[in-house]
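Enquirer: Below are the structure tokens for one structure; questions will follow.
The values are calculated or read from the model by the stated rules, or taken from the named source; none is laboratory data. Predicted model only: the values in this text are computed from it and were never measured. Note that we place each Cβ from the backbone using ideal geometry, even for glycine, and neighbour counts take in every protein chain shown. All accessible areas refer to the heavy atoms of the entire protein, side chains included, with ligands and DNA or RNA removed. Shrake-Rupley method; radii C 1.70, N 1.55, O 1.52, S 1.80 Å.
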Amino acid sequence: MSGQPADGDKQAMQSSSISFEPYLSSVAHGLLRNPIRSVVLQMQQHPGCLSLAGGRPPADVFPESLQAKGEELMNYSGNLAIGTQNLRDWAQTFVERFHSPPNGWSTRDIVLTSGNTDGMAKAVQLLANPGDAIIVDDFTYPGITACAVPFGRAVYGVTMDQEGMMPEHLQAMLENGLPDGQVARLLYLCPHGQNPTGALMSKARKEAIYALARQHNLTILEDDPYFFANLAPSSTMRQPLRPEDMPGTEAFPESFLSLDVDSRVLRLDTVSKFLAPGLRIGWATGHRTLMAKWKVLAEVTTWSMSGVQQEAFMSTMQDLESEGGLHGHLQRLQCTYARRRDYLLKACDRHLQGLCCWNVPRFGMFLWLEVVGNMNTSKLVDTLISEYGIAIVPGSAFRTSGSTKANSGSAFFRMSFSLVTEEMADTAMSRLKTALQASTSSFPSIHQPQEK
């Protein structure tokens, strides 16, 4: 697992780039900038212009504690909808460091988001019309379905294996056509520690899928919150694991963005999983044509992000440098996740042999558990909570509404290990064992075998 493609590989990719313009929805084409903001932005190009345009409260009526933070952060601002210039510059440097997009920034731009859910919702609105389709993994994060289906976009799942979406099945779906003549516009992927399965895509798998996206003129929506949740020690395995055993920033996977010679990848990054969810900070990197529309949509939907929120994030990053930097922080985070994953794996080994099967996740925070015997796990969830005192999400919760198996149930559970202790993991798996043994004859199985 290396940081970036070799120079020779990158030059070869760049020489084979395709001229690409993202398909934009009717929403994107119909967006109108608020005329008040248009006047304000024009005014900013003329220093000394006397403003009677904006409905801005005067800073001297703010509480003194807020006045101290500065008017740029506390008042309306044309930049706050897409992030302060300092924060966008920081985000661009961050993306360059970890992804080094081919061909640089000549056809790309970057804007701030309030996290990847915000980014997904905006991407769906801008890149697909009602009646269009979004292609996802057969088991996928429900957020993409939630922000697409109610607004008339269908979501279809592609068969997966341990690396995630299988290219041959994606190719078959695209070549055979979707129901009712629907057109696929967007390919949604979570390539590292996929939610819910924990799948980790190899570079070869990414290249095969990228090639299909080029062939069928798809935009790839790369949602990658677990990019830094690397659970593989970089040094010889020892127990207990120590932070210095983990890779930190020194080893990271090649993203779709790092392979993107066409600027067809819209990448969503968030600090939620490697700093803290409460910061509500993320960034979207994509084609300049798309991001120009994104900026207007951000103004229309939120007017501006919180200036205080953005200042708090920049302050956090500065404080982090005095605590050993991002590398040291990530080593501690990765060590914690790896230890807790191992607690859960040991508990599964102890209690669930013969009842369930699973793979060892190398990224992320989830274990994908398959119940032997094709039990429909959704039928057991309420009983697990009310009678056994454990909460686990059934695999059916991650099916897409457009899947032919959407109503057929699932033999899987998604278990998060991010909060477990060794004792908690053992107790939970012991209870699950008892529940499964008691439920073997009580709950219906799934008639058709489920593909993993």
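Enquirer: Helix 422-439 sits at what angle to the longest principal axis of the chain, using alpha carbons and giving 0 to 90 degrees rounded to 10?
Expert: It is inclined by approximately 60 degrees.
Enquirer: Relative to the longest principal axis of the chain, what angle (0 to 90°, nearest 10) does the C-alpha long axis of helix 85-99 take?
Expert: Once rounded, one gets 40 degrees.
Enquirer: Heads up, I need the accessible area for Asp138: 1.4 angstrom probe, whole protein in place, Å², nearest 10.
Expert: 10
Enquirer: Please list 3J(HN,Hα) in residue order for the range 374-389, calculated via the Karplus relation 6.51 cos²θ - 1.76 cosθ + 1.60 where θ = phi - 60°; whole Hz, with x for glycine and proline.
Expert: 6, 5, 7, 5, 5, 6, 9, 4, 4, 5, 4, 6, 6, 9, 10, x
Enquirer: For the range 250-328, what is the Kirkwood estimate of the hydrodynamic radius, computed as the reciprocal of the mean inverse distance between distinct Cα atoms, to one decimal in Å?
Expert: Numbers: mean 1/r = 0.0672 Å⁻¹.
With all distinct Cα pairs of the range 250-328 included, I get 14.9 Å.
Enquirer: Hey, another quick one. Under the classification rounded if a/c is under 1.5, otherwise prolate if a/b is larger than b/c and oblate if not, where does the range 194-316 fall, given a ≥ b ≥ c as square roots of the Cα gyration tensor eigenvalues?
Expert: In terms of gyration-tensor shape, oblate.
Enquirer: Also: Could you tell me how many degrees, from 0 to 90 and to the nearest 10, lie between the Cα long axis of helix 203-215 and the main elongation axis, the longest principal axis, of the Cα atoms of the chain?
Expert: Around 60 degrees separate the two axes.
Enquirer: With every protein chain kept in the model, how would you rank Met424, Met365, Met314 by accessible area, 1.4 Å probe, largest at the top? Before the final figure, lay out each step's value.
Expert: Numbers: Met424 100, Met365 15, Met314 45 Å².
Of Met424, Met365, Met314, the descending order of accessible area is Met424, Met314, Met365.
Enquirer: Set the Förster radius R0 to 45 Å, insert the Cβ-Cβ distance between Glu96 and Val372 as r into 1/(1 + (r/R0)^6), and round the FRET efficiency to 0.05. All intermediate terms of the calculation are to be shown ahead of the outcome.
Expert: Working: r = 47 Å, r/R0 = 1.04.
Plugging the Cβ-Cβ distance into 1/(1 + (r/R0)^6) gives 0.45.
Enquirer: Based solely on C-alpha atoms, express the radius of gyration and the Dmax of the chain in angstrom.
Expert: Rg and Dmax of the chain, Cα atoms, are 23.5, 80 Å.
Enquirer: Please compute the per residue accessible area over the range 47-103 with all protein chains in place, 1.4 Å probe, rounded to a whole number of Å².
Expert: I get 59 Å² per residue for this part.
Enquirer: Still on this structure: At 1.4 Å probe size, with the rest of the protein present, what percent of the exposed accessible area of the chain is carbon and sulfur atoms?
Expert: On the chain, the fraction of accessible area on carbon and sulfur atoms equals 52 percent.
Enquirer: Run lengths n ≥ 4 of DSSP H only: what is the helix-derived mean residue ellipticity at 222 nm for the chain, with -39500 (n - 2.57) per run over all residues, to the nearest 500?
Expert: -11000 deg cm²/dmol
Enquirer: Please list Lys295, Lys122 from largest to smallest accessible area, probe radius 1.4 Å, with all protein chains kept in place.
Expert: Listed by decreasing accessible area, they come as Lys295, Lys122.
Enquirer: Run the simple label-point estimate for Glu321 and Asn176 please: 7 Å along Cα→C-beta, distance reported in nm.
Expert: 5.5
Enquirer: Label-point separation (nm) for His169 and Ala276, each offset 7 Å from Cα along Cα-to-Cβ?
Expert: Rounded to a tenth, the inter-label distance reads 4.0 nm.
Enquirer: Something else: Pull up all non-local amide H partners of Arg153: gap of 5 or more, or a different chain, and H-to-H distance under 5 Å with H placed in the peptide plane.
Expert: Gly131
Enquirer: If you count only protein heavy atoms with a 1.4 Å probe, what accessible area per residue comes out for the range 301-371, rounded to a whole Å²?
Expert: I get 43 Å² per residue for the range 301-371.
Enquirer: Once amide H atoms are built 1.01 Å from N in the peptide plane, which residues 5 or more positions from Asp137, or in another chain, come under 5 Å H to H?
Expert: Val158
Enquirer: According to the square roots a ≥ b ≥ c of the eigenvalues of the Cα gyration tensor, what is the shape class of the range 110-245, taking rounded for a/c under 1.5, prolate for a/b larger than b/c otherwise, and oblate for the remainder?
Expert: Prolate is the answer for the range 110-245, as a/c is 1.5 or above and a/b outweighs b/c.
Enquirer: While we're here: What FRET efficiency would be calculated for the residue pair Val149, Ser106, taking the C-beta separation as r and a Förster radius of 25 Å, to the nearest 0.05?
Expert: Details: r = 36 Å, r/R0 = 1.43.
Given R0 = 25 Å and the Cβ-Cβ separation, E is 0.10.
Enquirer: Next question. I need the phi-derived Karplus couplings for the range 42-49: 6.51 cos²θ - 1.76 cosθ + 1.60, θ = phi - 60°, integer Hz, Gly and Pro marked x.
Expert: Result, rounded to whole Hz: 5, 4, 5, 7, 10, x, x, 5.
Enquirer: Just how much of Trp294 is accessible, in Å², when a 1.4 Å probe is used and the result is rounded to the nearest 10?
Expert: Answer for Trp294: close to 0 Å² accessible.
Enquirer: In addition: Taking θ = phi - 60°, what integer Hz values does the Karplus form 6.51 cos²θ - 1.76 cosθ + 1.60 yield along the range 108-125, in sequence order, with x for Gly and Pro?
Expert: Using θ = phi - 60°, the values come out as 10, 8, 9, 9, 7, 10, 9, x, 6, 5, 4, x, 4, 4, 5, 4, 4, 5 Hz.
Enquirer: Something else: What accessible surface, in Å², does a 1.4 Å probe find on Trp358, ignoring ligands, DNA and RNA and rounding to the nearest 10?
Expert: Answer for Trp358: close to 50 Å² accessible.
Enquirer: Ok, one more. In whole Å, what is the distance between the alpha-carbon centres of the range 281-342 and the range 74-115?
Expert: 10
Enquirer: Any idea what the dipole of the range 31-173 comes to, in debye rounded to 20, about its Cα centre with Lys/Arg Cβ at +1 and Asp/Glu Cβ at -1?
Expert: Using only the charged Cβ atoms, the result is roughly 580 debye.
Enquirer: Could you give the dipole magnitude of the chain about its Cα centre, charging the beta-carbon of Lys and Arg +1 and that of Asp and Glu -1, in debye to the nearest 20?
Expert: 500
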